[in-house]
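What follows is a set of notes on a single structure, which appears directly below.
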Amino acid sequence: MKRFLQACIELTKPRLTSLVILTTWLGYAFASHPMRYDARFFHALIGSWLVASGAAALNEFMERDLDSLMKRTQVRPLPQKRISPKAAFWFGMVISAIGVLELAIFVNPLTSLLSLISIVSYLFVYTPLKTRTSLCTIVGAIPGAIPPMMGWTAARNSIDPGALVLFGILFLWQLPHFLAIAWMYREDYARAGFPMLPVVDPDGESTSRMIILYTAVLVPVTLMPTRLGLTGFSYFWAALALGAAFFAFGTFTAFYRTAANARRLLLASVLYLPTLLTWMACAKITPIGDALMPMGHRSFENGRQW
């Protein structure tokens with residue numbers, strides 16, 4: 001039983017689902033005035049976590065044969081036969097269904113609908129496209145960017161510009177993050193028949209251009225929360241500095257194309273996002289730097305310009 005439970009936990013990809021919890025909380029926090037740690041908030045977190053966990057388990061069920069061909073995924077529960085495909089399938093189906101229903105009953109139908117969109121796009125669009133086109137990375141970033149929107153709609157029951165900005169930040173961040181992973185493991189991906197961009201782009205020219213493009217566009221998008229009045233002005237400068245550093249890592253990797261530099265870019269992306277989101281949350285709760293700014297340069301709260 002212990003071995004079975006451990007396999008079930010691994011199927012949910014805990015590191016991935018922890019990001020879902022964080023971004024769902026962030027979306028809820030920004031849509032709430034003031035922040036309310038009520039029953040709906042906890043149902044939103046639990047439901048989002050169950051949906052993401054179930055989708056992850058079903059993804060591993062669908063890709064179990066391909067996972068057995070890749071060194072980085074051979075240690076997963078299904079390739080190692082630590083759980084049967086049937087058990088993995090029903091585990092993923094049940095917890096996904098519970099998550100969708102929890103969101104529909106205890107949060108609101110819009111949030112439940114977004115969770116369904118994330119499941120369908122992840123399992124029935126992104127997963128099949130992974131063996132067909134390098135554009136799968138762009139498609140796969142869509143379900144990964146939906147959780148903060150779910151947090152927002154859980155609080156407001158509407159999709160507003162703030163929700164779209166949070167979606168845009170998560171969407172753009174995922175692209176250089178995924179490209180760094182694909183660059184590091186392109187031999188693995190090629191062995192399994194996944195035509196990721198670094199696999200079909202042996203010289204790295206297209207991959208480099210995309211990394212530079214995505215890290216560059218990410219910078220102005222991360223500044224939008226201040227423009228919309230979601231954060232204090234301290235966040236603006238922090239986002240600008242973090243974005244410039246992330247762009248520098250991306251550019252360096254693009255010009256010096258090695259697996260070691262791709263790993264550094266991956267590490268930079270892993271450090272960048274939590275730092276950005278943490279500062280965003282703190283600037284929303286207590287705008288640290290605003291008191292130091294001249295009155296005419298404070299945040300855009302309530303439509304005021306700086």
- Message: Please enumerate, by chain and number, the lysines with C-alpha under 22 Å from the C-alpha of Lys2, excluding those fewer than 8 residues away in the same chain.
- Response: Lys13, Lys81, Lys86
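Using the Cα centre of the stretch 1-81 as the reference point, and only Cβ charges (+1 on K/R, -1 on D/E), how large is the resulting charge dipole? Debye, rounded to the nearest 20. Each step should come with its number before you reach the end.
Working: 11 positive and 6 negative charges, 52 e Å.
Around 260 debye, computed over the stretch 1-81.
In debye, nearest 20: dipole of the chain around its Cα centre with unit charges on the Cβ of K, R (+) and D, E (-)? It would help to have the intermediate numbers written out before the result.
Working: 26 positive and 15 negative charges, 114 e Å.
Dipole size: approximately 540 debye.
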- Given charges at beta-carbon only (K, R positive; D, E negative), |dipole| of the stretch 93-235 in Debye: 140 debye
- Using modelled amide H (1.01 Å from N, peptide plane; none on Pro or chain starts), what sits under 5 Å from the amide H of Gly229, excluding residues fewer than 5 places away? Phe300
- By accessible area of protein heavy atoms, probe 1.4 Å, what ranking do Ile159, Ile95, Ile211 get, highest first? Ile159, Ile95, Ile211
- Arg257 to Ser68: FRET efficiency via 1/(1 + (r/R0)^6), r the Cβ-Cβ distance, R0 45 Å, to the nearest 0.05? 0.95
- Amide N proximity, the stretch 232-269 versus Arg15 label position 7 Å along Cα-to-Cβ, cut-off under 14 Å: 263-269
- Charge dipole (the chain, unit charges on Cβ, about Cα centre) - positive-most of Ile98, Ser234, Leu170: Ile98
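Just add up the charged neighbours of Leu16: K/R +1, D/E -1, any other residue whose Cβ is under 12 Å from the Cβ of Leu16. Show your work: numbers first, answer last.
On the way: positive: Lys13, Arg15; negative: Glu10, Glu60.
Result for the neighbourhood of Leu16: 0.
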- Considering the dipole of the chain built from charges on the beta carbon (Lys and Arg +1, Asp and Glu -1) around the Cα centre, which of Ile119, Ala190, Thr215 is farthest to its positive end? Ala190
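Per DSSP H run of at least 4 residues, take -39500 (n - 2.57); add these up for the chain, divide by its residues and hand me the 222 nm value, nearest 500 deg cm²/dmol. The partial results should precede the final answer.
Working: 14 runs with 219 residues, N = 306.
The helix-only estimate for the chain comes to -23500 deg cm²/dmol at 222 nm.
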- Between Pro195, Pro79, Pro128, which gets the highest mean-square fluctuation from a Gaussian network model of the chain, Cα cutoff 10 Å? Pro128
- Task: Show the residues, 5+ positions off or on another chain, whose built amide H is closer than 5 Å to the amide H of Ser68.
- Result: none
- Task: Compute the separation of the alpha-carbon centres of the stretch 172-186 and the stretch 48-114 and state it in Å as a whole number.
- Result: 22 Å
- Message: Between Arg82, Arg186, Arg15, where does the largest GNM mean-square fluctuation fall for the chain, given springs only between Cα atoms within less than 10 Å?
- Response: Arg15
- Tell me which residues come under 5 Å, amide H to amide H, from Arg76 once H is placed; ignore anything under 5 positions away on its chain. none
- Message: Which one, Phe233, Phe249, Phe42, has the greatest fluctuation when you compute a Gaussian network model over the chain with C-alpha springs under 10 angstrom?
- Response: Phe42
- How large, in percent, is the carbon and sulfur part of the accessible surface of the stretch 138-206 at a probe radius of 1.4 Å? 61 percent
- Query: Say the dipole of the stretch 134-266 comes from +1 at the beta carbon of Lys and Arg and -1 at that of Asp and Glu; which of Pro225, Cys136, Ala259 then lies farthest toward its positive end?
  - Reply: Pro225
- Accessible area per residue, Å², the stretch 29-107 with all protein chains present, probe 1.4 Å: 48 Å²
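Give, in nm to one decimal, the length gained when the segment between Arg209 and Leu267 is fully stretched (0.36 nm per residue of separation minus the Cα-Cα distance).
18.9 nm
The values are calculated or read from the model by the stated rules, or taken from the named source; none is laboratory data. Since this is a predicted model, take the numbers as computed values, not measurements. Cβ: placed from backbone, ideal geometry, glycine included. Neighbour counts: every protein chain shown. Ligands, DNA and RNA are stripped out before the accessible areas are found, and what is left, the full protein with its side chains, is counted by its heavy atoms. Shrake-Rupley method; radii C 1.70, N 1.55, O 1.52, S 1.80 Å.
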